[in-house]
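See structure below.
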């Protein structure tokens, strides 16, 4: 079959032959080795492996993988370039639509996105699209660095970006390229937000985040750290200081709390506090957070999402002997990435399904020693569409624990909305914003990412940021 498009030359595609090509397994470190450190777990393809795997792509005219990607990356176009050995061209193809190919290739749940839509997955292994995206982005970084794009002439407009997570960095980069001056405000001591402070190094090396921040600084973006908007400096203050527009990319970083007797005992951590103090160099933390976490021999993590998997795998690396995931539904209802659960099991994590904690019991020193749990059964669907967990009477039992980590989800920080008059919110603090433009109820104020949708993916936050940046650009053109 002959076809054109996506920047490819006219070519013949023998799809039947391609479907017979063997899958190239993505290299991964052995579990016994990787649990001894916080180095990256998944390794990179060789150039030969990358070409062989990309050759498996049958270049579907429908490109369902592209539609499944929140950023709508031109995946067939990139696969064709990789198959020809043009790794730089493929990296640039990704950078046409994504500011984070080296990051999205590592942390996106491709099984639910592009790889889940790959037609080869119906009969066998889908093309390893995430590993290939990561390979070409890394290849470009390592051989020529991150190339600076052209920047439009200065417009004289000044934009404040609140938060330096995926959405905020996407807005900052896009608006700077369009000639606007951008200042990013970050509450943490270093820029990077979720990428730096929320994702463990064994999934996302910190150096990649530092390199991206350095790239943005070279591009012209300014960063103001240790500055929490709403605490001393408000959105209204930003406008009074001369900013023409404000983007709120504050994410969702307030832990959902568990109401249970004994939850305040020593040895019980909220997930964000645990992960930040266990995974981030203490020189990058506020003074009050520099005390290391203390992990006992028996650790329980309550929750079933990707954050819970991060906590479980971190506890293993900190030396815990028994690590158990306690989840009130079954594996079928777990919201996180299947691959992360598989890796957790490989590393020695045990899973207790249909179990929920109801009480924590401490010793004379006030340290948690047992967790009383209750077994559950699944009932009718709740608002999430998943079966509701229903307690089974008389099923309570005790679990011996030394450390408990609560990974029950996140909500946005209410501080910004509480200090910004006229900013509409809903559902426990999510900002009301237009899905296409990010425009909020306040003129000149835009928002996007997890503070609008609730906890979601890096790629969806980047996509929201890029949409909002285009809308901010149009808004600035209307100003006198």
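Each value in this text was obtained by applying a stated rule to the coordinates, not by laboratory testing. Worth saying up front: this structure is predicted, and the values here are computed from it rather than measured. A quick note on method: Cβ atoms are made from the backbone with ideal geometry, for glycine too, and the neighbour counts reach across all protein chains shown.
Overview of values
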{"item": "Fewest-first sequence of 359, 123, 375 by Cβ atoms within 10 Å of each Cβ", "result": "123, 359, 375"}
{"item": "For the chain, share of DSSP beta bridges that run antiparallel, in % to the nearest 5", "result": "40 percent"}
{"item": "Considering only the range 255-409, percent of DSSP beta bridges that pair antiparallel, nearest 5", "result": "45 percent"}
{"item": "Per residue Cα convex hull volume in Å³ - calculated over the range 183-295", "result": "137 Å³"}
{"item": "Highest-first arrangement of 331-338, 88-95, 362-369, 458-465, where packing means the average Cβ count within 10 Å", "result": "458-465, 88-95, 331-338, 362-369"}
{"item": "Relative contact order for the range 269-392, counting Cα pairs under 8 Å that sit 6 or more residues apart, in percent", "result": "18 percent"}
{"item": "Ellipsoid semi-axes in whole angstrom, largest first, where each is sqrt(5λ) of the Cα gyration tensor of the range 37-76", "result": "25, 17, 6"}
{"item": "Burial ordering of 311, 60, 118, 373, fewest other beta-carbon atoms within 10 Å first", "result": "60, 373, 118, 311"}
{"item": "Order by protection proxy (mean Cβ within 10 Å, highest first), peptides 413-423, 279-289", "result": "413-423, 279-289"}
{"item": "Packing-based exposure ordering (other Cβ within 10 Å, fewest first) of 478, 330", "result": "478, 330"}
{"item": "The range 169-268, relative contact order [Cα under 8 Å, separation at least 6], %", "result": "32 percent"}
{"item": "Stretch gain in nm, segment residue 283-residue 408, where the contour uses 0.36 nm per residue and the Cα spacing is subtracted", "result": "42.2 nm"}
{"item": "Computed P(r) (all Cα pairs; the chain; 20 Å bins; percent)", "result": "22, 53, 23, 1"}
{"item": "Ellipticity estimate at 222 nm from DSSP helix runs (n ≥ 4, -39,500 (n - 2.57)) divided over the chain, nearest 500", "result": "-9000 deg cm²/dmol"}
{"item": "Inter-part distance where the range 271-308 and the range 202-261 are each reduced to a Cα centre, Å", "result": "20 Å"}
{"item": "Relative packing of 41-51, 249-259, which averages over residues the other C-beta atoms within 10 Å, highest first", "result": "249-259, 41-51"}
{"item": "Between the range 26-94 and the range 139-185, the alpha-carbon center distance in angstrom", "result": "25 Å"}
